[in-house]
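Chemist: Pasting a structure here, questions to come.
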Amino acid sequence: MDESSGRGMAEYRIDELAHAAGSTVRNIRAYQDRGLLPPPRLEGRVGIYDDSHLARLRLIGKLLGRGYTFAIIKDLISAWETGKDVSEVLGLEKVLTDPWSDEIPGTAGVEELIATFGAGLDDEAIARTLQRTIELGLIEPEGDHYRVPSPRLLHVGAELVAAGIPIDSVLDIAAQIRDDCDVIAGRFVNLVYEHVFTPLHDEANPSTDEVSEIAAVVRRMRPLVKMVVDPFIARAMEARVQAALGTQLELIRDHLTAERPPSAAEG
């Protein structure tokens, strides 16, 4: 590595740059091929890099660490190079990736789960039930215990089992409701994508204000989804309960009336 006092920047050969950035020569070449890293200055047949390349490599590493794809990183770098506010783009990414629930995950031990959901099951059935619960995302193995992403969902399951519903039936309905909710979420996302994201994507150079507006729309969607789903599910439950149990309640009432001895007034 050479120090170039005239330019005020350190200079690196490709292997030196890789070492300084904590990367590899192979990665550097790949980033150049993808247009993420500017080419070096050539001195004869030797490529010379400087601190701007080092800074870019470190930025790429951080963005990759946050889960960005190469395509998104390229878009972010292009936005920055053309004078756009990258913080607005990152702000949109934060809105898109923030969890939609304020529920705090919990933990549960194997014995606790078996006591709650596996009473009366043999070892094979317990193992099968645990595996299916993991596949549904209701619990996640974590060392000698399980992480519970949604304690509320686990509580609902426990209440249903306590009411006498078999655990297999509880897991069946959990899978069905999960799929139903995925359909509802897809409808909301498609609505916004069609009317908000697509016009932005069709523009060659969307403005910072337009990117900010996208983030604002996504923020507003959060309470709106619950505001729509809650009343619809409440009305649907009212109708379903009345349809399913109304006749049974009438039969029970008629039965109790027939068994009740007549009162003195009635006699």
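The values are calculated or read from the model by the stated rules, or taken from the named source; none is laboratory data. Just so you know, these numbers come straight off a predicted model, no measurement behind them. For neighbour counting, all protein chains shown are included, and Cβ atoms are generated from backbone atoms with ideal geometry for every residue, glycine included. Accessible surface is based on the protein model in full, side chains and every heavy atom, while ligands, DNA and RNA are left aside. Shrake-Rupley method; radii C 1.70, N 1.55, O 1.52, S 1.80 Å.
Chemist: Please verify whether ILE173 is modelled with pLDDT under 95 and open to solvent by 50 Å² or more (accessible area, probe 1.4 Å), treating the condition exactly as stated. First the steps, then the outcome.
Modeler: Details: modelled with pLDDT under 95: no; open to solvent by 50 Å² or more (accessible area, probe 1.4 Å): yes.
The answer is no for ILE173.
Chemist: Here is a follow-up. One residue is enough: does the stretch 140-160 have a residue meeting the conditions small (Gly, Ala, Ser), in a helix (DSSP H, G or I), touching a Leu at 6+ places or on another chain (Cβ under 9 Å) and closer than 30 Å to MET221 by Cα? Write out each step before concluding.
Modeler: Step one: of the stretch 140-160, the residues small (Gly, Ala, Ser) are 143, 150, 157-158.
Checking which are in a helix (DSSP H, G or I) leaves us with 157-158.
Imposing the further condition that a residue be touching a Leu at 6+ places or on another chain (Cβ under 9 Å) reduces the set to 157.
Narrowing further to those that are closer than 30 Å to MET221 by Cα: 157.
Looking for residues that are small (Gly, Ala, Ser), in a helix (DSSP H, G or I), touching a Leu at 6+ places or on another chain (Cβ under 9 Å) and closer than 30 Å to MET221 by Cα, one finds at least one in the stretch 140-160, hence yes.
Chemist: Considering only the stretch 33-46, state which residues are in contact (Cβ under 8 Å) with a residue 24 or more places away in the chain and surrounded by fewer than 18 Cβ atoms within 10 Å (Cβ to Cβ).
Modeler: Hits for the stretch 33-46 are ARG34, GLY35, VAL46.
Chemist: Could you list all residues from the stretch 1-32 that are open to solvent by 60 Å² or more (accessible area, probe 1.4 Å), at pLDDT below 90 and within 22 Å of LEU76 (Cβ to Cβ)?
Modeler: Scanning the stretch 1-32 gives a single hit, GLY22.
Chemist: Here's a follow-up. If you check THR97, THR69, which single one turns out to be at pLDDT 80 or above, under 23 Å from the mean Cα position of the chain (by Cα) and under 30 Å from GLU142 (Cα atoms)? It would help to see each step written out before you state the result.
Modeler: Numbers: THR97 fails: at pLDDT 80 or above.
One residue alone meets the criteria, THR69.
Chemist: Out of the stretch 60-74, which residues are part of a helix (DSSP H, G or I) and not β-branched (Val, Ile, Thr)? Working first, answer last.
Modeler: Step one: of the stretch 60-74, the residues part of a helix (DSSP H, G or I) are 60-65, 70-74.
Hits for the stretch 60-74 are GLY61, LYS62, LEU63, LEU64, GLY65, PHE70, ALA71, LYS74.
Chemist: Could you tell me how many of the residues in the stretch 205-245 are open to solvent by 70 Å² or more (accessible area, probe 1.4 Å), modelled with pLDDT under 70 and aliphatic (A, V, I, L, M)?
Modeler: Number satisfying all stated conditions: 0.
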